[in-house]
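Engineer: Structure below; questions to follow.
The values are calculated or read from the model by the stated rules, or taken from the named source; none is laboratory data. These numbers were taken from a predicted model, which means no experiment stands behind them. Cβ sites come from the backbone with ideal geometry, for glycine too, and all protein chains shown count toward neighbours. To get the accessible areas, we keep the full protein, side chains included, count just its heavy atoms, and leave off ligands, DNA and RNA. Shrake-Rupley method; radii C 1.70, N 1.55, O 1.52, S 1.80 Å.
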Amino acid sequence: MVTKKELVSYSTDASRIKGIAERVVFPKDVREVEDIIKTPATDIVPRGAGSGLVGGVVPNNSVVVDMTKMNKVLEFNSGKRVVKVEAGITIRELNEKLSSRGYEFPIDVYNQGISTIGGMIATNSTGDRSMKYGTMKDWVDGVEYIDGKGEFIKATKADIGEVCGMEGITGIIVSAKLRVIPLVKRSISVYQSDNIDEVLSVARRLKAEKEVIKLKLFSKYTSKLLGLPEKYNLIIEFDSEKRGKVTGAEYEKVLNLEKRAYYGLASEGYYNMEDPKFFFDKIREFLNFLEASDIPYIGNLGSGIIHPFFRDDEKSKRERVVDFIRTSQGKPGKFGIGIVRKYFVDPFDMTIIQRVKLRHDPYARMNRGKLIGEMSSGKRYSMTPGVKEKIMEIKPSPLEEKSARELVKNTVEISTPKSNGFENSDSPEEKMHAFIKEVSKENITETKKEEFYKPEVKETVKTDPIEERPRPKSSVDYNLINKIMNNKYNPSDKQGLSKEPPASIDKKTENRFSDNSNKPRTSESDRDAINKIMTNRFGKGFSNNNSNKEGRSND
Ligand SMILES: Cc1cc2nc3c(=O)[nH]c(=O)nc-3n(C[C@H](O)[C@H](O)[C@H](O)COP(=O)(O)OP(=O)(O)OC[C@H]3O[C@@H](n4cnc5c(N)ncnc54)[C@H](O)[C@@H]3O)c2cc1C
């Protein structure tokens, strides 16, 4: 039973748009979810952690279905490298359990402590390592959900487009089968420069490298806020412990530091952000625009997703940025559409999504007004009078503000070097090491190695030895990359960056996501259309049919 006070917290999500929750329910199993959908509620809002930024769970006099009580690992098959989980488990809970068995789920969304697998599938989430690991749909082998008619559906890989990325408008996800990988020991290097062109050319080159999985850029302002030298800082993460210079506990500290960047910006009043995704060649233009407009940003140069940040009183700045994104063919990067960004859904996509929705939710009771807005053909669909007007933006609560301030106070305290920790060292790596030493007061959650699965986890097959994939022939000049990483690269050097095309993709990797064992439920034309929508909305290279490697973006 939810108190009136608690009901208020269910009236919004991280978008801070406010609606009205009529009731909140916490199903504990599939049967209870079915029962909820079969009640005559007019609007049912599936909810994970409510960490979405686009109003995806903002209710409209709705019954909010909080899925966080369904958080079990149901089955783990190490031989097939598949884990079956309930929808309400958080990505961190899952990874803690998997790591004790030597595995991990590789989509690393930023707020891992709260994001649920159901919410991540519904929004087709992607993380900072998306240049290698793609989006959720690349890792979901099957989904079980109850659709708007109360029917239990087992979607195979071929049909997941009917629920994955649909933001809860076709049904409630109750469980999913996810592919996992053996735990990877990773490392980081940091490239620092005053010159953005230099940073972009380093990033362009590193994008072609198989072991590079993240290229995260902090603008000068965000770098300063983090206590890093006031330069462009490019964090380069490798899927190997041997390549980067920062490893082990120090590596964890850098990851932790990266994550605090968002809180640091929030504490300066930058609560709002956009997430456009651009082709690499467009990024320079967008960054120019942001800098000319004095807008702080964090960018992921691997996936092309750039986050500009805005204060509450910078609405017109934000509108100008959104206009820029739309006119330069930027796509929503990872936060989804929700109720605030429906202008990004093109009319053709909308028709297809409506068709799929009608099939699963003919009375339009599932998460009304999200993703495609009001449907004209739904039989009982109409917005409750007056509610639309009540949906309004609200200010952060004093509590939110206070916790953000405390976080940044810590950030500043630990990230300001006492003496000149950086000045005496010459390479960016050495500077980073000096810096990391200063950060050592930070608490990092150690993975509980000894902690084993909850009793409900059944292991069905023993782990097979992990086969090493041969490294594809690469056109990358490693000496040059090393020079760049060690800050010894001279851009006027005639050796320059090689003009050869990027490394080719091995056939074996191409087939990794295909699944021929299941017969599709969706009609072929719908499936093609859904695939097109997924590709349009979430970027090139992540489609099932795409011949790209491991979801790596090919723009
Ligand atoms: C600071 C910050 C950083 C973020 N970083 C990232 C990032 O790196 N990558 C990223 O992709 N996103 C990011 N997000 C956005 C958000 O955290 C993700 O979209 C996340 O996956 C949402 O999970 P959730 O459990 O909070 O879902 P919710 O916010 O509760 O729901 C999101 C959508 O999914 C639907 N939904 C939830 N559960 C179910 C279910 N069981 N069945 C059907 N539909 C369901 C909801 O109806 C809603 O439409 C970020 C958000 C914040 C605030």
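Engineer: Picking from ASN300, ASN256, ASN272, which residue would you name as being open to solvent by less than 60 Å² (accessible area, probe 1.4 Å) and in contact with a Gly (Cβ under 9 Å, 6 or more places away or on another chain)?
Structural biologist: Exactly one of ASN300, ASN256, ASN272 is open to solvent by less than 60 Å² (accessible area, probe 1.4 Å) and in contact with a Gly (Cβ under 9 Å, 6 or more places away or on another chain), namely ASN300.
Engineer: Does PHE76 satisfy the condition of being away from the ligand (no atom under 12 Å from the Cβ) and either open to solvent by less than 20 Å² (accessible area, probe 1.4 Å) or more than 30 Å from TYR103 (Cβ to Cβ) (or both)?
Structural biologist: In short, yes.
Engineer: Would you say VAL63 is free of Cβ contacts under 8 Å to residues at least 60 places away in the same chain, within 14 Å of the ligand (Cβ to nearest atom), assigned to a strand (DSSP E or B) and within 27 Å of VAL25 (Cα to Cα)?
Structural biologist: Criteria met by VAL63.
Engineer: Being touching a residue at least 12 places away in the same chain (Cβ under 8 Å), hydroxyl-bearing (Ser, Thr, Tyr), buried (at least 18 other Cβ atoms within 10 Å of the Cβ) and in contact with a Phe, Trp or Tyr (Cβ under 9 Å, 6 or more places away or on another chain) narrows it down to one residue among THR68, THR12; which is it?
Structural biologist: None of the other options fit; the residue is THR68.
Engineer: Looking at this structure, is PHE324 open to solvent by less than 60 Å² (accessible area, probe 1.4 Å), of a type in the set (Phe, Trp, Tyr) and within 16 Å of the ligand (Cβ to nearest atom)?
Structural biologist: no
Engineer: Which residues, taken from segment 275-321, are part of a strand (DSSP E or B) and within 19 Å of the chain's Cα centre (by Cα)?
Structural biologist: Within segment 275-321, PRO276, LYS277, TYR297, ILE298, GLY299, ASN300, ILE305, ILE306, HIS307, PRO308, PHE309 meet the criteria.
Engineer: Scanning segment 225-252 for residues that are in a helix (DSSP H, G or I) and at pLDDT below 90, which turns out least open to solvent (accessible area, probe 1.4 Å)?
Structural biologist: LEU226
Engineer: Taking the conditions exactly as written (at pLDDT 95 or above and more than 9 Å from the ligand (Cβ to nearest atom)), does VAL85 satisfy them or not?
Structural biologist: Taking the combined requirement at face value, the residue satisfies it.
Engineer: On the basis of being in contact (Cβ under 8 Å) with a residue 12 or more places away in the chain, within 24 Å of PRO27 (Cα to Cα) and more than 8 Å from the ligand (Cβ to nearest atom), does LYS97 make the cut?
Structural biologist: So LYS97 passes the test.
Engineer: Is there a residue being surrounded by fewer than 22 Cβ atoms within 10 Å (Cβ to Cβ), within 16 Å of the ligand (Cβ to nearest atom) and outside any loop (DSSP other than H, G, I, E, B) anywhere in segment 180-196?
Structural biologist: No, because not a single residue in segment 180-196 is surrounded by fewer than 22 Cβ atoms within 10 Å (Cβ to Cβ), within 16 Å of the ligand (Cβ to nearest atom) and outside any loop (DSSP other than H, G, I, E, B).
Engineer: So PRO40 clears everything in (1) buried (at least 19 other Cβ atoms within 10 Å of the Cβ); (2) free of Cβ contacts under 8 Å to residues at least 12 places away in the same chain except one condition, right? Which one?
Structural biologist: Just one mismatch for PRO40, condition (1).
Condition check ((1) touching a Leu at 6+ places or on another chain (Cβ under 8 Å); (2) among the acidic types (Asp, Glu)) across all residues:
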{"site": "GLU104", "(1), (2)": "yes, yes"}
{"site": "GLY113", "(1), (2)": "no, no"}
{"site": "ASP128", "(1), (2)": "no, yes"}
{"site": "MET131", "(1), (2)": "yes, no"}
{"site": "VAL140", "(1), (2)": "yes, no"}
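Engineer: Another one. Give me a count of the residues in segment 61-89 that are of a type outside the set (Ser, Thr, Tyr) and under 21 Å from LYS157 (Cα atoms).
Structural biologist: Residues flagged as of a type outside the set (Ser, Thr, Tyr) and under 21 Å from LYS157 (Cα atoms) within segment 61-89 amount to 16.
Engineer: For a quick check of your reading: which strands (runs of 3 or more DSSP E) sit entirely within segment 104-179 and have at least 2 residues that are within 8 Å of the ligand (Cβ to nearest atom) and either among the charged types (D, E, K, R) or open to solvent by less than 10 Å² (accessible area, probe 1.4 Å) (or both)?
Structural biologist: Answer list for segment 104-179: 171-179.
Engineer: Looking only at segment 110-141, count how many residues are closer than 23 Å to ILE298 by Cβ and touching a helix residue (DSSP H, G or I) at 6+ places or on another chain (Cβ under 6 Å).
Structural biologist: Qualifying residue count for the region: 8.
Engineer: Also: Please go through segment 43-57 and give me each residue that is hydrophobic (A, V, I, L, M, F, W, C) and either within 9 Å of the ligand (Cβ to nearest atom) or open to solvent by 10 Å² or more (accessible area, probe 1.4 Å) (or both), ordered by number.
Structural biologist: Passing the criteria: VAL45, ALA49, LEU53, VAL54, VAL57.
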